[in-house]
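Reading through the structure tokens given below for one structure.
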Amino acid sequence: MTADARKQAAAPSSLRLVMTLAIAGLVSGIAIIGIYESTLPTITANKARELREAVFKVLPGVSDMQALVYREGRIVAVPKPQKDEPVVYGGYDERGDFVGYAMPGAGPGFQDTIALLYGYLPSRQQVVGMEILESRETPGLGDKIYKDADFVAEFSALSVEPEIVAVKKGTSTQPNHVDAITGATISAKAVVRIINETHVAWAEQLPAPGTEPPFAGEPADNGTGQ
Amino acid sequence: MKQRDPDLLLFHAPLLRQGMTTPKAMRDVIIALLPATGASLWFFGLAAALVIGSSIAGAVLAEWLFADRASRGESLRDATGILTGLLLGLTLPPGLPMWMAFLGGFVGIALGKVIWGGLGHNLFNPALLGRAFLLATFPIAMTTWVSAHPEGGFFSVYAGNLALPFMQAQVDGVTSATPLGLLKFEQEVTPLTNLMFGKIGGSLGETNGVLLLLGGIYLWLRRDLDWRIPVGILGTVVIFSAFLGLFDAERFPTPLFSVFSGGLLLGAIYMATDPVTSPVTPRGAWIFAIGTGVLVMLIRVFGGLPEGVMYAILLMNAATPLIDRYTQPRVFGHGIEKES
Amino acid sequence: MKKNESYEEFVKGIWRDNPVFVQVLGMCPMLAVTNSAINAIAMGMASMFVLVGSSFLVSVFRHVIPKQVRISCFIIIIATFVTIADYTLLALVPKVHKELGAFIPLIVANCLILGRQEAFASRYPTRLAVMDALGMAGGFMLALFSLGAVREILGDGALFGFRLFGESFEPWIVMILPPGGFLTLGVILLFFNWFKYKKDEFLADVAEAERSGS
């Protein structure tokens, strides 16, 4: 005990070590909280704006949107979906009439998960637009799923009943056919599969056409949304 | 070099001085490849000459550029650069721009051989390394297969061949998928006679299986190649695909289809047997060959790519030092139980 | 003399002791985020901010921080600056932040930054420490940029997004994929070493000539 104490006398006391670290941690914590608080509004606004832009892109003629979730057996509008809760976005025109759903879907692509958003009109059972939100497909080949305008245009009026089929380029004959991309068949088929799977997953839960929940928020404003 | 006493194995390389030298062996391989090269000229016309010529030019230029001033002539005389360029050229699609073929040859020698310390020190087959680089760099051009016999006869070339350096190739003429591509993506089986005599889409050298086999037999007669490697690879592929055929004959390729489609013959006979990048011991050669065969089938059947010969050989190249290490024969006069 | 000294500390990081080409440090961001010039510059700026900020603080408090807990203190300081950089980039340039992804938080683990604190900032006066940090970060950014520029020019035919060769340029796709990073870095290191070798050879020749002359 005494030997230890003598040895420590040369070195700074443990109290001093603990205090140094504590003060450093405290100052660092305050700095981090400060930067978090001051950037949070911009970050959330950016994210919301990105989402709105994507929704408006896949659902032509839409000027407002709200998040819809499936709770207690029916689709309800919520201001803020819970974390990890499956969600679709209802799109509404200027008069507040329902236009269609923007449905997020994700699944494995050639390299990594592909996350996408597609616009769906329940009245016509058609996909009217598709936007890739996230993908790490091979540059130059697989990335044509969003860089190739022809491929993206395939999804502007596409039947989902019966399910979408990716066919060899130039052989599409049916309304539910998509021309695959030469050299990137796997990525193209992955996109089709993701849409099919998302459609099936939601098919039972979406209400009959015409009975969608009305728009709950303020009529169209160009704010960044909540 | 015949094996007489089963307990005393003689290997090539450092044991005996004999008439066989590197330039001679290389020349033999080039001679063995001539029929297949001629066939590629016959099928694809002048385009074949342009692509193969550019890849040889790239390989030789790299060889010359990076050689020591003292050994410059030497490294050109042993013809390994020419052979690498020729082998690479035969694995390229006929419509490939000449500048890409040139780049492939250059990279193959520079990154595949020179950087390791020159001939005999490289871990990977330079021609395949060049091809792997091209495939990763220009995936579209490297998988655009034009059909044989360009319209204007022998002297016409594909527009793609003449693309300016660094510029894209215009795709012209009819593109046709390779038999393996057809099988994988369209579930279409190509007739076997077409496979054997070359009426198929594919790279310059892989379209005529029979001529490749003839060249292999010539090399075997000249004792230039370790017969265990091609036999082991082809045997493994045949057994593997026959085995798969037991489960679902419709979905999986037949053994003969597996052997004659894609670059398997070219790879098994001319590339896997590269003495520098394959094991020297007989046991090692068998391990190497079987491993390559299994990898080829795994990639072809279960992988995302239609063809896997290149990656299979490169992967086994990487394993070669290890195989050599574990298959060293007992040193004469030393005990069995104690490893030195 | 004094002025000269800080200039010396600044310049050594850019060229003679370049953190990437000579010390071969910080390879992780070097290979991961240099697929375009703009990403490389963004990464370089973020690293510079963190390195200069933490070098400054470490040097100011170098007599206060007990030796036994110095590494923990350095890490706390570095991590704070990294978090600030992370949120600032996310708020200001979300696109760039998305590209850089996990590699912004990983600046904490960049051995270059901790290495400078331990080897330099904790032993030298603040002015020199800041000059050293600026030099090292500048050298790091130079390396990131040369890699990013080569890879973007070959891999995309563009620099900072401006197309250099027109529309029919054939991109070298491997260059924007991870193997391209290894290839380019290898080739650049090759040239750096070759250059150094040639220079040493030349200096040896000169020395030889002087000796035989005198």
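The values are calculated or read from the model by the stated rules, or taken from the named source; none is laboratory data. Remember, it's a predicted structure, so these values are computed and weren't measured experimentally. Neighbour counts run over all protein chains shown; Cβ positions are idealised from the backbone, glycine included.
For the condition of a type in the set (A, V, I, L, M, F, W, C), at pLDDT below 90, assigned to a helix (DSSP H, G or I) and more than 26 Å from B:LEU265 (Cα to Cα), what is the one hit in B:LEU61, B:LEU8, B:LEU41, B:LEU76?
Details: B:LEU61 fails: at pLDDT below 90; B:LEU8 fails: assigned to a helix (DSSP H, G or I); B:LEU41 fails: more than 26 Å from B:LEU265 (Cα to Cα).
Just one listed residue meets the conditions, B:LEU76.
Test A:TYR118 against the criterion of being surrounded by 14 or more Cβ atoms within 10 Å (Cβ to Cβ), aromatic (Phe, Trp, Tyr) and under 14 Å from the mean Cα position of the chain (by Cα), and give yes or no. Step through it out loud before you land on a result.
Values: surrounded by 14 or more Cβ atoms within 10 Å (Cβ to Cβ): yes; aromatic (Phe, Trp, Tyr): yes; under 14 Å from the mean Cα position of the chain (by Cα): yes.
Spelling it out, A:TYR118 is indeed surrounded by 14 or more Cβ atoms within 10 Å (Cβ to Cβ), aromatic (Phe, Trp, Tyr) and under 14 Å from the mean Cα position of the chain (by Cα).
Can you tell me which residues in the stretch C:81-114 are outside any helix (DSSP H, G or I) and surrounded by fewer than 22 Cβ atoms within 10 Å (Cβ to Cβ)? So that I can check it myself, show each step before the final result.
Going residue by residue through the stretch C:81-114, those that are outside any helix (DSSP H, G or I) are C:93, C:104, C:110.
Correct list: C:VAL93 only.
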Taking C:PRO19 as meeting all but one of (1) part of a helix (DSSP H, G or I); (2) more than 10 Å from every other protein chain (Cβ to nearest Cβ); (3) not basic (Lys, Arg), write down the number of the exception.
(1)
Of these, C:ILE71, C:ILE78, which one is closer than 29 Å to C:ALA37 by Cα and either surrounded by 22 or more Cβ atoms within 10 Å (Cβ to Cβ) or touching a residue at least 40 places away in the same chain (Cβ under 8 Å) (or both)?
C:ILE78
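Considering C:LEU159, C:LEU183, which residue is aliphatic (A, V, I, L, M), within 30 Å of B:ASN161 (Cβ to Cβ) and at pLDDT 90 or above? Show your work before the answer.
Working: C:LEU159 fails: at pLDDT 90 or above.
None of the other options fit; the residue is C:LEU183.
Residue by residue, here is whether (1) over 17 Å from the mean Cα position of the chain (by Cα); (2) more than 15 Å from B:THR80 (Cα to Cα); (3) surrounded by fewer than 16 Cβ atoms within 10 Å (Cβ to Cβ) holds:
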| position | (1), (2), (3) |
| --- | --- |
| B:ALA32 | no, no, no |
| B:THR37 | no, yes, no |
| B:LEU50 | yes, yes, no |
| B:SER55 | no, no, no |
| B:GLY58 | yes, no, no |
| B:GLU63 | yes, no, no |
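Could you run through the stretch A:173-200 and say how many residues are assigned to a loop (DSSP other than H, G, I, E, B), touching a residue at least 12 places away in the same chain (Cβ under 8 Å) and either among the polar types (S, T, N, Q) or closer than 12 Å to A:TYR118 by Cα (or both)?
Quick first cut of the stretch A:173-200, residues assigned to a loop (DSSP other than H, G, I, E, B) only: A:173-176, A:180-184.
So of that shortlist, the ones also touching a residue at least 12 places away in the same chain (Cβ under 8 Å) come out as A:174-176, A:180-184.
Checking the rest, the ones that are also either among the polar types (S, T, N, Q) or closer than 12 Å to A:TYR118 by Cα (or both) come to A:174, A:176, A:182.
Final tally of qualifying residues: 3.
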Where in the stretch B:177-247 are there helices (runs of 4 or more DSSP H), lying wholly inside it, with at least 2 residues that are modelled with pLDDT under 70 and either within 14 Å of chain A (Cβ to nearest Cβ) or in contact with a His (Cβ under 9 Å, 6 or more places away or on another chain) (or both)?
none
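Every residue, every condition in (1) facing another protein chain (nearest Cβ under 10 Å); (2) free of Cβ contacts under 8 Å to residues at least 60 places away in the same chain; (3) β-branched (Val, Ile, Thr), yes or no:
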site	(1), (2), (3)
C:GLY135	no, no, no
C:PHE140	no, no, no
C:ALA143	no, no, no
C:ASP156	yes, no, no
C:VAL174	yes, yes, yes
C:LEU185	no, no, no
Within the stretch C:124-145, is even one residue assigned to a helix (DSSP H, G or I), closer than 28 Å to B:ALA132 by Cβ and in contact with a Ser or Thr (Cβ under 6 Å, 6 or more places away or on another chain)?
yes
Extreme residue, farthest from the chain's Cα centre (by Cα), among residues of the stretch A:32-82 that are over 29 Å from C:ALA85 (Cα atoms) and charged (D, E, K, R)
A:GLU72
Kindly evaluate C:THR88 against the criterion of being without any contact (Cβ under 8 Å) to a residue 24 or more places away in the chain, within 20 Å of the chain's Cα centre (by Cα) and within 12 Å of chain A (Cβ to nearest Cβ).
no
Since A:THR138 meets every condition but one in (1) among the hydroxyl-bearing types (Ser, Thr, Tyr); (2) part of a loop (DSSP other than H, G, I, E, B); (3) at pLDDT 85 or above, which condition does it not meet?
(3)
Filtered residue count, the stretch C:94-118, keeping only those that are at the interface with chain A (Cβ under 10 Å from one of its Cβ atoms) and within 19 Å of C:MET141 (Cβ to Cβ)
1
Spot the failing condition for B:GLY117; the list is (1) over 19 Å from B:THR277 (Cα atoms); (2) without any contact (Cβ under 8 Å) to a residue 24 or more places away in the chain, and only one is missed.
(1)
Lone qualifier among A:LEU21, A:LEU26, A:LEU17, A:LEU40 - being closer than 20 Å to C:LYS98 by Cβ, within 14 Å of chain C (Cβ to nearest Cβ), out of contact with any strand residue (DSSP E or B) (no Cβ under 6 Å at 6 or more places or on another chain) and among the hydrophobic types (A, V, I, L, M, F, W, C)
A:LEU40
Which ones in the stretch C:40-71 are within 30 Å of C:VAL150 (Cα to Cα), among the β-branched types (Val, Ile, Thr) and within 14 Å of chain A (Cβ to nearest Cβ)?
C:VAL50
